[in-house]
1. All but one of (1) among the β-branched types (Val, Ile, Thr); (2) surrounded by 21 or more Cβ atoms within 10 Å (Cβ to Cβ); (3) in contact with a Ser or Thr (Cβ under 8 Å, 6 or more places away or on another chain) hold for Val92; state the number of the condition that does not hold.
2. Among the residues of the stretch 118-127, are any open to solvent by 40 Å² or more (accessible area, probe 1.4 Å), more than 21 Å from Thr32 (Cβ to Cβ) and not hydrophobic (A, V, I, L, M, F, W, C)?
3. Taking the stretch 28-42, which residues are under 19 Å from Pro67 (Cα atoms) and of a type in the set (A, V, I, L, M, F, W, C)?
4. Anything in the stretch 173-210 that is over 29 Å from Thr158 (Cβ atoms), at pLDDT 65 or above and outside any helix (DSSP H, G or I)? List them, or say none.
5. Are there any pairs with C-beta distances below 8 angstrom linking a residue in the stretch 63-85 that is farther than 30 Å from Val110 by Cβ and in contact (Cβ under 8 Å) with a residue 60 or more places away in the chain to a residue that is surrounded by 15 or more Cβ atoms within 10 Å (Cβ to Cβ) and among the hydroxyl-bearing types (Ser, Thr, Tyr), with the two at least 6 apart or on different chains, and if so which?
6. List the pairs whose first member sits in the stretch 190-210 and is of a type outside the set (A, V, I, L, M, F, W, C), whose second member is modelled with pLDDT of 80 or more and open to solvent by less than 50 Å² (accessible area, probe 1.4 Å), and whose Cβ atoms are under 7 Å apart, counting only residues at least 6 apart or on separate chains?
7. Any idea which of (1) farther than 20 Å from Leu31 by Cα; (2) of a type outside the set (S, T, N, Q); (3) open to solvent by 30 Å² or more (accessible area, probe 1.4 Å) is the one Val146 doesn't satisfy?
8. Being at pLDDT 95 or above and open to solvent by 70 Å² or more (accessible area, probe 1.4 Å) narrows it down to one residue among Arg19, Arg45, Arg64; which is it?
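The values are calculated or read from the model by the stated rules, or taken from the named source; none is laboratory data. None of these values were measured; they are calculated from a predicted model. Quick reminder, even Gly has a Cβ in these numbers, built from the backbone with ideal geometry, and neighbours come from all protein chains shown. For the accessible areas, the whole protein counts, side chains as well, though only heavy atoms, and no ligand, DNA or RNA atoms are used. Shrake-Rupley method; radii C 1.70, N 1.55, O 1.52, S 1.80 Å.
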Amino acid sequence: MTGGPEASNNGTRAAATQRGQAKEVRRLALLTAAAGLFAENGFTRVSLEDLGAAAGVSGPAVYRHFPGKQAVLGELLLSVSRDLLDGGLRVVSEADDPLTALRGLIQFQVDFALSNPDVIRVQDRDFGSLSDADQAEVRSLQRSYVETWVGVLARIHTDADVPGLRVRAHAAFGLINSTPHSVRHHGRKIAAKSARPILEQMALAALTSA
């Protein structure tokens, strides 16, 4: 004889896991749709109904995942900021020396820029539409990410002052994150193929020059 309480509990847990996975898939689909729509039209011109339609759900269903459109924008930029910080720390921790760490950080940032041009455009244009709390958290995460780069640069330029190293880091971000404009005018595949080595070489040269 099979079944019984244990089998029933296992089935319940499996069903709950599947529901949770499906919910997470829909949440990520909404964030992906939001990145594209916000980048193309601007935050203020996109409705919850637009987001739901792009993600394949009804407008009201969006409320099962986010309390409102501003919360979608907040999660989009917060999740990216967390991923950047976590990824940057991982790159540095796995590197054997500062130059290897710097090369890894540059490659990581270029990968991000080429893979997320819409998010970069949204950050540039719609940051002010975040709630005050989300703005503060995004800034905090991004400052920590910058300091990760500054810490590596300080091991390469041992006589340089920290403010000057921050300027270098921000200049490199400006160079690398200009990619979305190339993507918009020339197409994502072309930009990814041609821009990667150029961006990596120029960033490394700028960050290692005397």
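1. (2)
2. Within the stretch 118-127, the first condition is being open to solvent by 40 Å² or more (accessible area, probe 1.4 Å), and the residues that meet it are 118, 121, 123-125.
Restricting the remaining residues to those that are more than 21 Å from Thr32 (Cβ to Cβ) gives none.
No, that holds for no residue.
3. Step one: list which residues in the stretch 28-42 are under 19 Å from Pro67 (Cα atoms), which gives 28-35, 37-38.
Selection gives Leu28, Ala29, Leu30, Leu31, Ala33, Ala34, Ala35, Leu37, Phe38.
4. Ser178
5. If the second residue must be surrounded by 15 or more Cβ atoms within 10 Å (Cβ to Cβ) and among the hydroxyl-bearing types (Ser, Thr, Tyr), the pairs left are Gln70/Ser129.
6. Arg196/Val110; Arg196/Leu114; Glu200/Ile106; Glu200/Val110
7. (3)
8. Details: Arg19 fails: at pLDDT 95 or above; Arg64 fails: at pLDDT 95 or above.
Being at pLDDT 95 or above and open to solvent by 70 Å² or more (accessible area, probe 1.4 Å) holds for just one of Arg19, Arg45, Arg64, which is Arg45.
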